[in-house]
Amino acid sequence: MIANIEVTDVREFEEYRQKVARLIAQFGGRYSGRQRRTIIVSGATQTTPDWSAWSQESVRLMQERNDAWIRHYGLEGRRYQWSLDEARLRFTSESDEVTCDICVIGSVSRSEGTFCWAWANEAIPSCAWHGLASVRDFGETHALELLISPQWPGRRPEGLEMAAIAGRVLDADGVWIAETADLTLFFALSNFRRHPSE
C-alpha cells in the first residue's frame, strides 16, 4: 500500500505515477488509496484532492444552481415534460415555456440495486448523453473508478452524488431527477431559455 510518498523531482514523479498505475492494475482497477499524499514537483507542493470533500462541494454547488434557475425562471410547481430524443426538458405555463438542454447522466434501477452511466445504457440515445465523455475522462485522469465503471451497485443516494459530480464537471446550470416505475434518471441541465407559449 502506498502512503505518505514524497516526490522531489519530475523524474521521481513519473516513476511514482507508474508505480501507482501498476498497483491499480494489480488490484483490478479497484485500488483506493485513501491516504493523503504530498507530491513535490520542481519546488511546488501539491496534495491529492480530498475527493469526499470535492463530492460534497459538488452537491452543494448543484443545489445552489438548482435554486437559482428555479427562482430566476419562476418554475416552482410548473408542469414539465422531458424528451430523450430531443435531449430537452420543457416547463410550461399559460404565458410562456422555459426549455433547457439535458444530458442524461445515468440511472438507478431499484429492482437491480445498480447505478448505470448513460454512456453504458443502450436504451438511452447518444444525443441525450452528449458531453458525458468528459465526466468519464475526468474519472480516468483522476483514477476515480465510480466515474469510469459502466455499472456498479448503487441506489438513489449514489445516483444523486454522481449527478452532482457530473454536473460540476460539465459546469451544468443544475441537475434534474425523473422517476419512473423502476428507474430513477439523473440529468444535467444547461442552456435555459424562455419562449412565449404557442
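The values are calculated or read from the model by the stated rules, or taken from the named source; none is laboratory data. Everything numeric here is computed off the predicted structure, so don't read it as measured data. In this analysis, Cβ positions are derived from the backbone assuming ideal geometry, glycine residues included, and neighbour counts consider all displayed protein chains.
Before moving on, here are some points about what is shown:
- On inspection, S126 qualifies as in the same structural domain as Q56 (by TED's automatic domain parsing) and more than 11 Å from the chain's Cα centre (by Cα).
- The helices (runs of 4 or more DSSP H) falling completely within segment 109-195 that include 3 or more residues that are of a type outside the set (V, I, T), crowded, with 18+ Cβ neighbours inside 10 Å and at pLDDT 95 or above map to 156-169.
- Cross-chain or 6+ apart pairs with Cβ under 7 Å, segment 121-137 first and closer than 17 Å to I148 by Cα, then assigned to a loop (DSSP other than H, G, I, E, B): H130/A87; G131/L170; S134/L170; V135/L170
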